[in-house]
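**Q** First the structure, which I've put down as structure tokens, then a few questions once you've had a look.
The values are calculated or read from the model by the stated rules, or taken from the named source; none is laboratory data. Because the structure is a prediction, the values reported are computed rather than measured. No Cβ is skipped: glycine too gets one built from the backbone with ideal geometry, and neighbour counts run over all protein chains shown. Just the protein is used for accessible areas: all its heavy atoms, side chains included, with ligands, DNA and RNA removed. Shrake-Rupley method; radii C 1.70, N 1.55, O 1.52, S 1.80 Å.
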Amino acid sequence: MGSLSIWHWIIVLVVVLLLFGRGKLSELMGDAAKGIKAFKKGMSDDDETTAKPAEPVRSLDHQSSVEAERTKVG
């Protein structure tokens with residue numbers, strides 16, 4: 001009772017084709033493919049942004065800036 005035979009699947013396929021038609025079914029599959037491609041592109045874009053290393057932090061030499069200020073003032 002729990003398993004479906006090949007005849008059950010054939011009947012289900014015929015009903016689906018009658019309801020949606022061949023054109024509508026192919027449109028649905030095309031839309032699903034576009035969605036998958038967009039998802040993969042979004043995932044690869046996300047990987048590229050996280051893979052780039054952050055810009056190194058630049059430190060300021062406080063001693064040289066203090067000395068430069070002293071020479072400007074005096």
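**Q** Collect the residues in region 3-15 that are at pLDDT below 85 and aliphatic (A, V, I, L, M), keeping them in residue-number order. Walk me through it before giving the result.
**A** From region 3-15, those at pLDDT below 85 are 3-4; that's our starting set.
Of everything in region 3-15, just one residue is at pLDDT below 85 and aliphatic (A, V, I, L, M), namely Leu4.
**Q** Further, regarding this structure: What are the residues in region 16-40 that are open to solvent by 70 Å² or more (accessible area, probe 1.4 Å) and modelled with pLDDT of 90 or more, if any?
**A** Residues satisfying the conditions are Asp31, Lys34, Ile36, Lys37, Phe39, Lys40.
**Q** Here's another thing I want to ask about it. Return the pairs, sorted by first residue and then second, in which the second residue is open to solvent by less than 100 Å² (accessible area, probe 1.4 Å) and of a type in the set (Val, Ile, Thr), the first residue lies in region 19-44 and is assigned to a helix (DSSP H, G or I), the beta carbons are less than 9 Å apart, and the residues are 6+ apart or on different chains.
**A** Cβ pairs passing all conditions: Leu25/Val16.
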